[in-house]
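So the structure is just underneath, and the comments pick up after that.
The values are calculated or read from the model by the stated rules, or taken from the named source; none is laboratory data. Just so it is clear, the structure is predicted and the values come from calculations on it, not from any experiment. Counting neighbours? That spans all protein chains shown, and the Cβs are built from the backbone with ideal geometry, glycine included.
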């Protein structure tokens, strides 16, 4: 069996390597930040040769992009509890918990620091947000079918409003982000949606949320 430069056995091939390298990338981001992250350090932490990493990812940026996208896609729930309030609570609480842990803070920092201006990181950010919008759409669609929300409720706008107070505290004011913040955001967005404030007006474009994101909606997951 091959050994890594640090003398550790390699983790294997295929998906096992990918998972190990993704985990090592996230850990390096959390410990060192994007600016100090190197492919060599990721490889050593993952227990693989750096050539193994370079065979899959051409550079540091593409490695971070892939790890970001995979982490957030895995970390986001797709709740279907039969009730819109509990569905949205699951979404909001998962978001608050995900962005406040060590790894979550490191990833958010990578996406919004100087690294966030790199085209590759900006692309990863859009992929993350588009995935979140897609996951929210069925929550809203089911709520409309059950009569919990008015017909035409805009899932994209609902998710923006749901996420806004969490990201305001995280990125702007530096205030704590906890479950109570997530729960209050759900109460606010539900009140607005039930009042019809988030319903698309007549004549408004009926493009899907993913399409709206693709045409340049704000980067708020």
Given (1) in a helix (DSSP H, G or I); (2) modelled with pLDDT under 90, number of the condition residue 79 does not satisfy: (1)
Hey, residue 139 out of contact with any helix residue (DSSP H, G or I) (no Cβ under 8 Å at 6 or more places or on another chain) and part of a helix (DSSP H, G or I) or not: no
Residue pairs meeting the criteria (Cβ under 9 Å; at least 6 apart or on separate chains; first modelled with pLDDT under 95, in region 170-192; second in a loop (DSSP other than H, G, I, E, B) and surrounded by 12 or more Cβ atoms within 10 Å (Cβ to Cβ)): 170/177
Subset of region 42-94 (residues that are more than 21 Å from the chain's Cα centre (by Cα), surrounded by fewer than 19 Cβ atoms within 10 Å (Cβ to Cβ) and under 17 Å from residue 110 (Cα atoms)): 59
Identity of the residue in region 138-154, crowded, with 17+ Cβ neighbours inside 10 Å and under 18 Å from residue 94 (Cα atoms), that ends up nearest to the chain's Cα centre (by Cα): 139
Region 142-161, subset within 23 Å of residue 96 (Cα to Cα) and in contact with a strand residue (DSSP E or B) (Cβ under 9 Å, 6 or more places away or on another chain), residue modelled with the highest pLDDT: 143
Residue in region 91-99 that is at pLDDT below 75 and part of a helix (DSSP H, G or I) present: no
Flag for residue 11 being part of a loop (DSSP other than H, G, I, E, B) and modelled with pLDDT of 90 or more: no
Total residues in region 194-215, condition within 20 Å of residue 95 (Cα to Cα) and either part of a loop (DSSP other than H, G, I, E, B) or modelled with pLDDT of 95 or more (or both): 0
